[in-house]
1. With the requirement that a residue be over 22 Å from Cys142 (Cβ atoms) and of a type in the set (Ser, Thr, Tyr), what does region 171-206 give you?
2. Please determine whether any residue of region 300-319 is more than 19 Å from Glu141 (Cβ to Cβ), of a type in the set (Asp, Glu) and in contact with a Gly (Cβ under 7 Å, 6 or more places away or on another chain).
3. Does region 366-378 contain any residue that is at pLDDT below 90, over 25 Å from Gly423 (Cβ atoms) and surrounded by 19 or more Cβ atoms within 10 Å (Cβ to Cβ)?
4. Scanning for something without any contact (Cβ under 8 Å) to a residue 24 or more places away in the chain, farther than 26 Å from Leu35 by Cα, of a type in the set (A, V, I, L, M) and surrounded by fewer than 15 Cβ atoms within 10 Å (Cβ to Cβ), does region 78-100 turn up at least one residue?
5. Looking at (1) assigned to a loop (DSSP other than H, G, I, E, B); (2) among the hydroxyl-bearing types (Ser, Thr, Tyr); (3) exposed (fewer than 13 other Cβ atoms within 10 Å of the Cβ), which one does Thr33 not meet, given that it meets all the others?
6. Any residue that is β-branched (Val, Ile, Thr), in a helix (DSSP H, G or I), closer than 22 Å to Glu145 by Cα and modelled with pLDDT under 95 - is there at least one of those in region 300-317?
7. Might you let me know whether region 312-327 holds any residue that is touching a residue at least 40 places away in the same chain (Cβ under 8 Å) and on the phi > 0 side of the Ramachandran plot?
8. Going by the structure shown, is Thr197 of a type in the set (Val, Ile, Thr), assigned to a helix (DSSP H, G or I) and touching a Pro at 6+ places or on another chain (Cβ under 9 Å)?
Amino acid sequence: MTESGLGGPGRPGGGVRLDEAAEIGRRVLRLRTELGLTQKQLARPAYTPAYVSTVESGKARPSEAALRYLAERLGVTPEELATGRPARLAAELRLRLTDARRALATGTPKDAAALFRAVCGEAVEHALPEERAAALLGLGECLLESGDLDDAHECFTSVERLLADEPLPRRVPAIRGRANAHRLTGELRYACHLLETALDQLNASGLHDPDALLLLYSASIAPYMDMGAHERAAHAAELALALSPRVDDPALLAGMHRGVARTLIAQGRIAEADASLARAQGLYQQLHIRTELAHCHWMRGYVHAQDGDLERAESELRTAHDMLTAKRAALYADQVEVELADVLRRRGKVQEAEALLRPLLTGDREPAETARTPVLRSGRGAVHVGAAHRLLGLIAEECGDTAAAEEHYRAGLPLLERAGAAGDVAALCCLLGDLLRRTGRTEAALDVYRTGLAHRATPGTTTLGSAPAPPPM
């Protein structure tokens with residue numbers, strides 16, 4: 001999908017525009033012909049046929065008074081005659097955008113994407129850049145859910161270009177979307193860079209928009225946590241909480257509570273994390289946003305797993321998986337399967353765990369399932385690909401197959417290293433080092449331990465540069 005496919009140069013709203021007077025003249029000619037009027041009939045009594053001829057040939061743009069007169073005679077509004085835009089089109093497109101967002105919240109991303117594309121096409125045709133940007137933003141969110149990360153990235157980039165002359169807070173949702181696309185492909189550092197740069201620009205310019213700031217701080221928590229930069233994630237959570245009394249948007253507040261819960265889990269504050277997730281879950285239920293509600297079940301499953309309550313963890317993760325599968329949010333459903341497999345392995349359901357993991361990496365599914373869920377790969381959920389290899393390695397070790405275990409550990413390491421998931425790299429190095437030591441390869445084990453220690457010593461802080469300045473509260 002290219003931006004030009006959604007309305008590029010040579011079309012209204014896409015760059016080069018034909019002379020305005022010529023466009024109006026063509027519309028006058030077309031409407032007069034459709035009504036069966038002569039130039040004389042259209043012109044009289046206020047104007048001459050020669051004047052109408054001049055307008056239709058594009059040699060003169062009609063005055064506002066003439067535009068109102070001609071529009072009334074032709075049965076259209078002055079705005080429609082001047083712009084070619086049907087009356088109330090912008091308002092109608094905004095209503096359709098609301099319908100598309102509702103479809104994304106409650107239905108499948110594919111169905112919602114079709115609605116957003118239709119609105120985008122009409123916005124391009126009638127030169128409505130704001131509606132076009134809103135449609136592309138929604139389309140990008142659809143593509144993120146379905147796992148089409150490259151196309152999602154392109155949509156968000158197009159939104160930023162369309163809004164280039166707007167204040168930065170207007171571009172923040174697109175920046176957040178682009179950062180999410182990078183995070184899901186495993187480019188954690190770059191995702192953090194995008195969010196931190198926007199935060200610094202907002203604070204340096206004095207544009208202390210609480211909604212925009214809350215969105216950016218909440219969005220930065222996930223890549224920080226994935227990188228092992230827990231202190232920076234906790235600081236972002238503190239700033240988000242401090243901003244929250246100035247924000248009324250329930251979806252923004254729900255996203256904040258979900259992000260804050262991740263930092264609380266890392267600090268071992270399990271009860272507080274569960275309470276934060278309960279608040280997010282309540283808001284998402286009121287808003288009927290099913291994908292985000294599934295994410296709450298997903299994270300509550302993780303909370304219960306951390307707390308050792310594996311039965312409840314499995315129940316929450318299965319609920320999340322069922323919801324995401326029904327929504328056809330393919331990439332997220334695959335990622336939940338990795339988390340669920342970890343819980344199943346810990347509960348002794350090793351065969352079921354392995355049955356979940358192998359198809360994610362090999363594509364060996366039943367035909368109906370293959371159509372439902374794309375395969376995880378390095379550029380698509382890289383952190384979870386690495387986790388899947390780690391789990392399969394653990395299962396192989398438990399079955400006494402050290403060669404297969406080593407193969408999985410080694411396959412997972414470069415994926416996690418490229419993603420910058422420092423904590424996961426360190427943990428996997430520990431597993432691989434222990435395996436090598438047990439099989440008599442002490443020097444190789446030491447090398448792997450050193451790699452893990454290097455990642456553990458610098459968990460994302462020195463690689464990220466200085467933290468963004470906090471906003472004045």
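1. Of region 171-206, the ones over 22 Å from Cys142 (Cβ atoms) are 188-190, 192-193, 196-206.
Within region 171-206, Tyr190, Thr197, Ser205 qualify.
2. yes
3. Taking every residue of region 366-378 in turn, at least one turns out to be at pLDDT below 90, over 25 Å from Gly423 (Cβ atoms) and surrounded by 19 or more Cβ atoms within 10 Å (Cβ to Cβ).
4. The answer is yes, given that some residue of region 78-100 is without any contact (Cβ under 8 Å) to a residue 24 or more places away in the chain, farther than 26 Å from Leu35 by Cα, of a type in the set (A, V, I, L, M) and surrounded by fewer than 15 Cβ atoms within 10 Å (Cβ to Cβ).
5. Every listed condition holds for Thr33 apart from (1).
6. Step one: of region 300-317, the residues β-branched (Val, Ile, Thr) are 303.
Among the residues that remain, those that are also in a helix (DSSP H, G or I) are: 303.
Right, trim to closer than 22 Å to Glu145 by Cα and you get none.
Within region 300-317 (the criterion being β-branched (Val, Ile, Thr), in a helix (DSSP H, G or I), closer than 22 Å to Glu145 by Cα and modelled with pLDDT under 95), the answer is no, since none of the residues qualifies.
7. Taking region 312-327 and keeping what is touching a residue at least 40 places away in the same chain (Cβ under 8 Å), we get 325, 327.
Imposing the further condition that a residue be on the phi > 0 side of the Ramachandran plot reduces the set to none.
No, the conditions are met nowhere in region 312-327.
8. When the stated conditions are applied, Thr197 passes them.
The values are calculated or read from the model by the stated rules, or taken from the named source; none is laboratory data. These numbers were taken from a predicted model, which means no experiment stands behind them. Note that we place each Cβ from the backbone using ideal geometry, even for glycine, and neighbour counts take in every protein chain shown.
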